[in-house]
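Student: Have a look at this one before I ask anything.
The values are calculated or read from the model by the stated rules, or taken from the named source; none is laboratory data. Values in this document were obtained by computation on a predicted structure and should not be read as measured data. All Cβ positions, glycine included, derive from the backbone under ideal geometry; neighbour counts span all protein chains shown.
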Amino acid sequence: MKYYLTFILFILFNVACHAQERLPFDGIDYPFNVQYADLQNGQTIAYHDTGSGDDTLVLIHGLGSYMPAWSMNIDALSESHRVIVLDLPGYGKSTKTAERFSIPFFAESVIMLMNELEINAASIIGHSMGGQIALYIAAQHPGRVAGLVLSAPAGFEQFSEQDKMAFGATVSPEAIAMTPEQMIRQNMLATFHSFPSEAEFMIKDRLQMKDEPGFDNYARAQAESIFAMLNNPVWEMMPDITQPALVVFGGQDALIPNPYLHPDLTTQDVAQDGTERLPNATLKIIDEAGHFVHFEKADVFNETVLEFLNQN
């Protein structure tokens, strides 16, 4: 009997330890294998490394997002390039223990991952907040960036101090953590012009994240990321970013410009002004696409990006 009880206690102890050692968001299924890299800043980055070729692409997701948001692009891009897709610190399966999340911190983490993978230079493809991070990397580490693909990038739209106060009155980790299911679905639908069934997994995963280890820190990372974009603008840096750049927007982007703070602006206004500020950039606006233009119109996006990369 004594040995039986000892065995049961051993099993319960190991189950408890396993539960404590669960990795962030390990209950969320990704459609590809995930690898991990320990960075010099103490973060562990989850990433996917696929494809081959002389040129490397690094894909950076946007606010509140994760690696699978690129699932409609990875296969096409990796046919001719090495593709590195990552979860930023605070997001997805990466650790979420940073003292503070900021654009410089995210940029530093991307560079550290490139160092770990022995990537000297890469073309950076960034969506939304990932686009602003890509611009920051290009400005601060120009030798590490061969080119830029900016998909509905943050950083093009300008915000006043009054605008920042409006965000401060509504954005908090607690509010993000307590977002009800109906609002989560509405928020996701708003990022598309016509929500495709292939994107349903994003809603499912976001709902499941509430039960995953690290969710509270994910909510904190998301809230701090909003203020990171506001407080670390790249507008003044952009004229000095000389790498070839492709800017892609969905013609029906409902998030850029902010419809509540800047109702008089259009997506085309913001896209054109930002593109003209970059010395070596071209603009592609894809019709019948929203903020997730790279997912919603993946075929057109992939073809446009590959043509740009082949020309540069």
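The rows are residues; the columns are (1) modelled with pLDDT of 95 or more; (2) within 24 Å of Leu306 (Cβ to Cβ); (3) out of contact with any strand residue (DSSP E or B) (no Cβ under 9 Å at 6 or more places or on another chain).
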residue: Ile84; (1), (2), (3): yes, yes, no
residue: Glu108; (1), (2), (3): yes, no, yes
residue: Gly131; (1), (2), (3): yes, yes, no
residue: Ala138; (1), (2), (3): yes, yes, no
residue: Ser160; (1), (2), (3): no, no, yes
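Student: Is there a residue being more than 23 Å from Gly290 (Cα to Cα), at pLDDT below 95 and either charged (D, E, K, R) or in contact with a Lys or Arg (Cβ under 9 Å, 6 or more places away or on another chain) (or both) anywhere in the range 239-252? Step through it out loud before you land on a result.
Tutor: Residues of the range 239-252 that are more than 23 Å from Gly290 (Cα to Cα), as a first pass: 239-244.
Next, from what is left, pick out any that are at pLDDT below 95: none.
No.
Student: List the residue pairs whose Cβ atoms are under 7 Å apart, where the first residue sits in the range 267-294 and is over 19 Å from Asn312 (Cα atoms) and among the basic types (Lys, Arg), the second is surrounded by fewer than 23 Cβ atoms within 10 Å (Cβ to Cβ) and at pLDDT 95 or above, and the two are 6 or more positions apart or on different chains.
Tutor: Arg277/Met238; Arg277/Pro239
Student: Whether any residue in the range 218-239 is small (Gly, Ala, Ser) and in a loop (DSSP other than H, G, I, E, B) is what I want to check. Spell out the reasoning first.
Tutor: Of the range 218-239, the ones small (Gly, Ala, Ser) are 219, 221, 223, 225, 228.
Subset that is in a loop (DSSP other than H, G, I, E, B): none.
Scanning the range 218-239 turns up no residue that is small (Gly, Ala, Ser) and in a loop (DSSP other than H, G, I, E, B).
Student: OK, next. From (1) free of Cβ contacts under 8 Å to residues at least 40 places away in the same chain; (2) more than 23 Å from Gly90 (Cβ to Cβ), pick out the condition that doesn't hold for Thr170.
Tutor: Status for Thr170: all satisfied but (2).
Student: If you don't mind, another one. In the list Asp38, Asp49, which residue meets the criterion of being under 20 Å from Ile124 (Cβ atoms), modelled with pLDDT of 95 or more and out of contact with any helix residue (DSSP H, G or I) (no Cβ under 6 Å at 6 or more places or on another chain)? Even if it seems obvious, please write down each step before you answer.
Tutor: Numbers: Asp38 fails: under 20 Å from Ile124 (Cβ atoms).
Within the list Asp38, Asp49, the selection yields Asp49.
Student: I'd like the full set of residues that are in a helix (DSSP H, G or I) and without any contact (Cβ under 8 Å) to a residue 24 or more places away in the chain, limited to the range 176-205.
Tutor: Restricting attention to the range 176-205, the residues satisfying the condition of being in a helix (DSSP H, G or I) are 176-177, 181-190, 197-205.
The answer is Gln182, Met183, Ile184, Arg185, Gln186, Asn187, Met188, Leu189, Ser197, Glu200, Ile203, Lys204.
Student: Moving on to the next point. Take the range 110-119 and flag every residue that is part of a loop (DSSP other than H, G, I, E, B) and out of contact with any strand residue (DSSP E or B) (no Cβ under 9 Å at 6 or more places or on another chain). Outline the logic, then answer.
Tutor: Residues of the range 110-119 that are part of a loop (DSSP other than H, G, I, E, B), as a first pass: 117-119.
Result: Glu118, single match.
Student: If the requirement is being of a type in the set (Gly, Ala, Ser) and more than 10 Å from the chain's Cα centre (by Cα), which of these qualifies: Gly62, Gly51?
Tutor: Values: Gly62 fails: more than 10 Å from the chain's Cα centre (by Cα).
So the residue among Gly62, Gly51 that is of a type in the set (Gly, Ala, Ser) and more than 10 Å from the chain's Cα centre (by Cα) is Gly51.
Student: What is the residue count in the range 78-104 for residues that are in contact (Cβ under 8 Å) with a residue 40 or more places away in the chain, crowded, with 24+ Cβ neighbours inside 10 Å and more than 27 Å from Ala219 (Cβ to Cβ)?
Tutor: Within the range 78-104, residues that are in contact (Cβ under 8 Å) with a residue 40 or more places away in the chain, crowded, with 24+ Cβ neighbours inside 10 Å and more than 27 Å from Ala219 (Cβ to Cβ) number 0.
Student: Right, next: Somewhere in the range 138-156, is a residue in contact (Cβ under 8 Å) with a residue 40 or more places away in the chain, closer than 19 Å to Met229 by Cα, under 11 Å from the mean Cα position of the chain (by Cα) and assigned to a strand (DSSP E or B)?
Tutor: yes
Student: Inside the range 38-73, can you point out the residues that are in contact (Cβ under 8 Å) with a residue 40 or more places away in the chain, surrounded by fewer than 21 Cβ atoms within 10 Å (Cβ to Cβ) and either under 16 Å from Leu309 (Cβ atoms) or among the polar types (S, T, N, Q) (or both)?
Tutor: Within the range 38-73, Gln40, Asn41, Thr44, Asp55, Ser71 qualify.
Student: Moving on to the next point. As an exercise: evaluate Pro263 against (1) over 16 Å from Ser151 (Cβ atoms); (2) surrounded by 19 or more Cβ atoms within 10 Å (Cβ to Cβ) and give the number of the one condition it does not meet.
Tutor: For Pro263, the exception is condition (2).
Student: Kindly indicate the residue of the range 206-236 that is closer than 19 Å to Glu157 by Cα and free of Cβ contacts under 8 Å to residues at least 60 places away in the same chain and also surrounded by the fewest Cβ atoms within 10 Å (Cβ to Cβ) among those meeting that condition.
Tutor: This residue is Glu236.
Student: Among Ala245, Ala221, Ala281, which is the only one that is over 18 Å from Glu161 (Cα atoms) and over 19 Å from the mean Cα position of the chain (by Cα)? Walk me through it before giving the result.
Tutor: Values: Ala245 fails: over 19 Å from the mean Cα position of the chain (by Cα); Ala221 fails: over 19 Å from the mean Cα position of the chain (by Cα).
It is Ala281.
Student: Say whether the condition of being on the phi < 0 side of the Ramachandran plot, among the acidic types (Asp, Glu) and touching a Leu at 6+ places or on another chain (Cβ under 9 Å) is met by at least one residue in the range 167-180. Working first, answer last.
Tutor: Start the filter on the range 167-180 by keeping residues that are on the phi < 0 side of the Ramachandran plot, which leaves 167-180.
This time we only want the ones that are among the acidic types (Asp, Glu), so: 174.
If we keep only those that are touching a Leu at 6+ places or on another chain (Cβ under 9 Å) as well, we get none.
For the range 167-180, residues on the phi < 0 side of the Ramachandran plot, among the acidic types (Asp, Glu) and touching a Leu at 6+ places or on another chain (Cβ under 9 Å): absent.
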